[in-house]
Amino acid sequence: MRTVVADGEVAGHVAAYGPADEREVTYWIDRAHWGRGTATAALAALIEIEGTRPLHARAAADNAGSIRVLEKCGFVITGHDRGFAQARQGEIDEVLLTLS
C-alpha cells in the first residue's frame, strides 16, 4: 500500500494485492481531492512499478468517476458482478476491469 500525497497533504492510498494470476488494484482518494487528477496520477504511478499483468479492478457500477480513472489508465471493462461494499454496508453491482 502506498500513501497518496497531493498539495502537501495525505489524499488517500493506492495498492495492489493478491497472487500474480489474480492481482487486483484498489485505491481511495479523499473527497476533497476528487476531480483534480489525483486518483489517475496515483494509479498510473502504481501501474508503472507493478509489473504483474493482467491487473484486475472492481468499481461500483454507479461510480462513473472511478470507472473513468481506471479506463484512463488502460483498464477495459470485462464484466459485471455483485460484491460487498464496506462503505455502503451491503451488496452492490460492480464493474470488473482488466489491464493486460
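Just a few scattered comments:
- Derived scalar couplings ³J(HN,Hα) [region 25-32; Karplus, 6.51 cos²θ - 1.76 cosθ + 1.60; whole Hz; x for Gly, Pro]: 9, 8, 7, 9, 10, 4, 3, 4
- Relative contact order of region 23-89, pairs being alpha-carbon contacts under 8 Å that are 6 or more residues apart, as %: 37 percent
- Rounded FRET efficiency, nearest 0.05, which uses the C-beta distance separating Gln86 from Ala20 and R0 of 22 Å: 0.30
- This model, with +1 at the C-beta of Lys and Arg and -1 at the C-beta of Asp and Glu, gives the chain a dipole about its Cα centre of some 160 debye.
- Within a Gaussian network of the chain (alpha carbon springs, distance under 10 Å), most fluctuating of Ala64, Ala44, Ala16: Ala64
- Charge dipole (the chain, unit charges on Cβ, about Cα centre) - positive-most of Trp28, Gly18, Ala6: Ala6
- Computed from the C-alpha gyration tensor, the three semi-axes of the ellipsoid equivalent to the chain are 20, 17, 12 Å, from longest to shortest.
Each value in this text was obtained by applying a stated rule to the coordinates, not by laboratory testing. Everything numeric in this text was worked out from a predicted model, so none of it was measured. With ideal geometry, Cβ positions are generated from the backbone for all residues, glycine too; neighbour counts draw on all protein chains shown.
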